[in-house]
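The values are calculated or read from the model by the stated rules, or taken from the named source; none is laboratory data. Predicted model, so just to flag it, every value in this text is computed and none were measured. So basically every Cβ, Gly included, is an ideal-geometry build from the backbone, and we count neighbours across all protein chains shown.
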């Protein structure tokens with residue numbers, strides 16, 4: 001199996017074929033976390049016991065890139081302040097897709113006096129996600 005290129009992991013706003021790639025991204029990272037429900041008791045022989053299928057799972061997305069002359073910064077600031085849920089897609093170079101509803105919980109912009117303006121954002125999933133293999 002060939003190694004995947006980092007630039008082919010795309011974050012898109014929207015769903016399906018109408019989704020638009022978030023502009024000027026340099027890095028995209030995601031983490032899947034699951035919360036456990038512990039049911040250890042005296043019958044567990046001193047070993048931790050977890051309840052199968054219980055707890056919550058979430059997907060967090062972090063992305064960073066360059067601010068362009070578009071309205072992207074204002075758009076993400078508004079989404080963060082309004083705490084809206086929007087459809088996003090993560091697309092992999094082999095055609096796999098993770099898609100669902102996310103809230104932008106953080107947006108940060110920065111600029112050095114002799115460098116480019118950059119941004120970073122964090123998305124948190126809400127509800128169920130669709131994972132589609134190519």
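The selection criterion, being over 12 Å from the mean Cα position of the chain (by Cα) and at pLDDT 90 or above, holds for residue 81. Report yes if some residue within the range 38-58 is part of a strand (DSSP E or B) and under 30 Å from residue 118 (Cβ atoms); otherwise report no. Looking through the range 38-58, at least one residue is part of a strand (DSSP E or B) and under 30 Å from residue 118 (Cβ atoms). Look through 90, 85 and report the one residue that is out of contact with any helix residue (DSSP H, G or I) (no Cβ under 6 Å at 6 or more places or on another chain), surrounded by 13 or more Cβ atoms within 10 Å (Cβ to Cβ) and within 30 Å of residue 2 (Cα to Cα). Criteria check complete, one pass: 90.
Residues of the range 94-113 that are under 28 Å from residue 133 (Cα atoms) and touching a strand residue (DSSP E or B) at 6+ places or on another chain (Cβ under 9 Å): 95, 96, 97, 98, 99, 100, 101, 102, 103, 104, 105.
So that you can scan it fast, the table gives a plain yes or no per residue for (1) in contact with a strand residue (DSSP E or B) (Cβ under 8 Å, 6 or more places away or on another chain); (2) within 21 Å of residue 124 (Cα to Cα); (3) surrounded by 12 or more Cβ atoms within 10 Å (Cβ to Cβ):
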residue	(1), (2), (3)
10	yes, yes, yes
20	yes, yes, no
23	yes, yes, yes
51	yes, no, no
56	yes, yes, no
63	yes, yes, yes
70	no, no, no
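Specify which of the listed residues (120, 101) is surrounded by fewer than 18 Cβ atoms within 10 Å (Cβ to Cβ) and over 18 Å from residue 6 (Cα atoms). None of the others qualify; the one that does is 101.
Contact annotation: residue pairs with Cβ atoms under 8 Å, 6 or more positions apart or on different chains, pairing a residue in the range 6-33 that is at positive phi and outside any strand (DSSP E or B) with a partner that is surrounded by fewer than 17 Cβ atoms within 10 Å (Cβ to Cβ) and modelled with pLDDT under 85, are 24/68.
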